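Scroll down for the structure; my scribbles are underneath it.
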Amino acid sequence: MSRHTPHAAVIAGLCLLGAGALAHAAPSGQTIGFTCLACHGDKGQGASGIPPLAGRSADALYGMLSEFKSGKRPGTVMNRHATGYSDEELRAVAEYFASQPAK
Amino acid sequence: MTFSRRSFLKAFGAAGALGALAGCETLPKRGGGGHVVVVGGGFGGAACAKYLRRLDPSIKVTLVDAHLSNYYTCPFSNLVIGGELGMDAIKVDYNALRTKHGITLVEDHVEAVDADKRGVRLKSGKTLNYDKLVLSPGIQLNYDKIVGYSKEAAEKLPHAWKAGAQTSLLRRQLEAMPDGGTFVMVAPPNPYRCPPGPYERASLIADYFTKHKPKSKIIILDPKDKFSKQGLFVEAWENLYGNMVDWVNPERGGVVASVDAASMTVTTKDGDKIKAAVINVIPPMSAGKIVIAAGLDDKGWAPVNQRTFESVKTKDIHVIGDSSIAGPVPKSGYGANSEAKIAAAAIVAAFNGEQPGDPKFVNTCYSYVSAIDAISVAGVYELDKDNKIIEVKGSGGVSVKGGAHYRAEGLYAKGWYESIKADTWG
Ligand SMILES: Cc1cc2nc3c(=O)[nH]c(=O)nc-3n(C[C@H](O)[C@H](O)[C@H](O)COP(=O)(O)OP(=O)(O)OC[C@H]3O[C@@H](n4cnc5c(N)ncnc54)[C@H](O)[C@@H]3O)c2cc1C
């Protein structure tokens, strides 16, 4: 423990606390986003009628996901997926895909 | 949580500090290093290897599989059996894992795990040493659980439950069968790989028979009282194939006592003898042989920490995919892919002295009820307070009954297949 610089230790310590060193952090946008790639294309680019997600606006993605969850937006399968997430998780995954490069 | 000096220094070194400045969640390059050996390059193993490198390129990954040059996917193999696709459509190319992701590929069979020395012994005689080992060897078929069945008998009575030569064998037998013949499937008991798989297979064979051998019959002998997406399958069979498909539950005599390859007969526990032109025996199964040989199983399947998929029996060995016990997450390619990513993140976290975040698992199994129509079952899973995997309340379920979406789902199933192949091996 004595061999690293104090500077790095302070920052890393803060990071651990922030990310939940004591409790586990909630599933990240990336963790959730990774599960969508098996349908929406390995880069979120869409495939065979399944729409793309990468690079689209976070608000638009979140809006659609919320509507799948509430049932307002019809779908073949997305209603059954969107109901698996809290609103915070849907927001996080929307942000994740918004941050990915569009294909 | 304890840090080894090595991981502490690595985690809190320069890369850690930069990562902290850039935000704690998205560290693209963590730099903790370490060597991971992954055994099995199927849906679980290949995805885990790829995502380890994606999450932390400083990790060295070696992927060992006995079938790198001839791995065929079970998903979509029922379309081959039904005559809709050729074998090349379900073959996997491993090149990108090496060229794009820097994974070392070794085509060899793993004979033994030496957990004390952190090594795996290969058939070629070589030993590979690991910091962490990931086992995703799929399933072992327990031929001896059915009287009269064996690896040799499977050359005449195919299981086609591992895709490859068995898939084309069953296809050839169906092509050679005369119109008016009987196809018998011996369905497996729970738990088994791909719960809706046998019934998708029956559907696609019924589609083929309807188009080419309409006087033929399909009998499914089942030791189970109910099966996945049953309501949807039965409805589709009646609508599309009249009474061609006869599902025989245990009450009606579905439990099989023995099979005989020489006389092409199946004898049920009730004493009925059924002679058939083609017999597909899907025997009981368990975790891959290597998992059992390494003493990682409990009654045939591997219990794992549900947050990390590390074996509860041996440290630093993670078991994912069909071989593991993952609560309500079914033994599917999708499930294996989902578990692979969680295990990869947990290993990266361990190498870098971090705590893994909460996981989320997903499954969707599309099943074709005809060559162009599909149904699906979906689920989203998380951990409860006791770190057990549970399905998120109110999520998931099966397609809406009645068929309005089946054509669209038939198209989306192709999108799923393209996507998961690219996500796993691309
Ligand atoms: C007919 C059928 C249809 C299916 N359809 C679907 C579907 O539509 N959707 C879906 O999600 N799932 C489907 N599945 C299920 C899916 O195929 C499995 O759940 C998935 O393959 C599990 O992945 P895995 O990594 O655990 O094992 P596998 O994909 O079987 O990979 C295991 C690999 O390990 C290798 N191996 C094993 N032991 C050793 C050893 N000792 N040394 C070296 N290599 C070894 C094997 O060669 C193999 O390549 C289907 C299955 C069947 C049978």
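Values computed for the structure shown
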read-out	value
Where residue B:46 falls short, out of the listed (1) within 13 Å of the ligand (Cβ to nearest atom); (2) more than 16 Å from the chain's Cα centre (by Cα); (3) small (Gly, Ala, Ser)	(2)
Of the criteria (1) part of a helix (DSSP H, G or I); (2) touching a residue at least 60 places away in the same chain (Cβ under 8 Å); (3) open to solvent by 20 Å² or more (accessible area, probe 1.4 Å), which one residue B:420 fails	(3)
Unique match (being under 14 Å from the mean Cα position of the chain (by Cα) and assigned to a helix (DSSP H, G or I)) among A:62, A:85	A:62
Test: residue in region B:330-349 that is part of a loop (DSSP other than H, G, I, E, B) and surrounded by fewer than 18 Cβ atoms within 10 Å (Cβ to Cβ)	no
Residues satisfying the stated conditions in region A:25-52, i.e. open to solvent by 30 Å² or more (accessible area, probe 1.4 Å) and in contact with a helix residue (DSSP H, G or I) (Cβ under 6 Å, 6 or more places away or on another chain)	A:30, A:48, A:49
Condition met for residue B:325 (within 20 Å of the chain's Cα centre (by Cα) and within 11 Å of another protein chain (Cβ to nearest Cβ))	no
Residue satisfying all of: in region B:33-56; surrounded by fewer than 24 Cβ atoms within 10 Å (Cβ to Cβ) and out of contact with any Gly (no Cβ under 7 Å at 6 or more places or on another chain); farthest from the other protein chains (Cβ to nearest Cβ) among these	B:35
In region B:397-417, the residues that are within 16 Å of the ligand (Cβ to nearest atom) and not in a loop (DSSP other than H, G, I, E, B)	B:398, B:406, B:409, B:410, B:411, B:412, B:413, B:414, B:415, B:416, B:417
Boolean, residue B:61 is within 22 Å of residue B:333 (Cα to Cα), surrounded by 17 or more Cβ atoms within 10 Å (Cβ to Cβ), more than 12 Å from the ligand (Cβ to nearest atom) and modelled with pLDDT of 95 or more	yes
Contacts under 9 angstrom Cβ, first residue in region A:74-103 being modelled with pLDDT under 95, partner basic (Lys, Arg), 6 or more apart	A:102/A:56; A:103/A:43
Subset of region B:132-142 [buried (at least 18 other Cβ atoms within 10 Å of the Cβ) and either away from the ligand (no atom under 14 Å from the Cβ) or over 22 Å from the mean Cα position of the chain (by Cα) (or both)]	B:132
Conditions (1) at pLDDT below 95; (2) more than 8 Å from chain A (Cβ to nearest Cβ); number of the one not met by residue B:355	(2)
Residues of region B:106-125 that turn out to be open to solvent by less than 30 Å² (accessible area, probe 1.4 Å) and in contact with an Asp or Glu (Cβ under 6 Å, 6 or more places away or on another chain), as a count	1
Meets criteria (under 23 Å from residue B:205 (Cβ atoms), assigned by TED's automatic domain parsing to the domain that holds residue B:71, touching a Cys at 6+ places or on another chain (Cβ under 8 Å) and basic (Lys, Arg)) for residue B:331	yes
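The values are calculated or read from the model by the stated rules, or taken from the named source; none is laboratory data. Quick caveat, the model's predicted, so the values are computed rather than measured. Ideal geometry is used to build each Cβ from the backbone, glycine not excepted, and the neighbour counts take in all protein chains shown. Remember, those area values only see protein heavy atoms, side chains included, never the ligands or the DNA or RNA. Shrake-Rupley method; radii C 1.70, N 1.55, O 1.52, S 1.80 Å.
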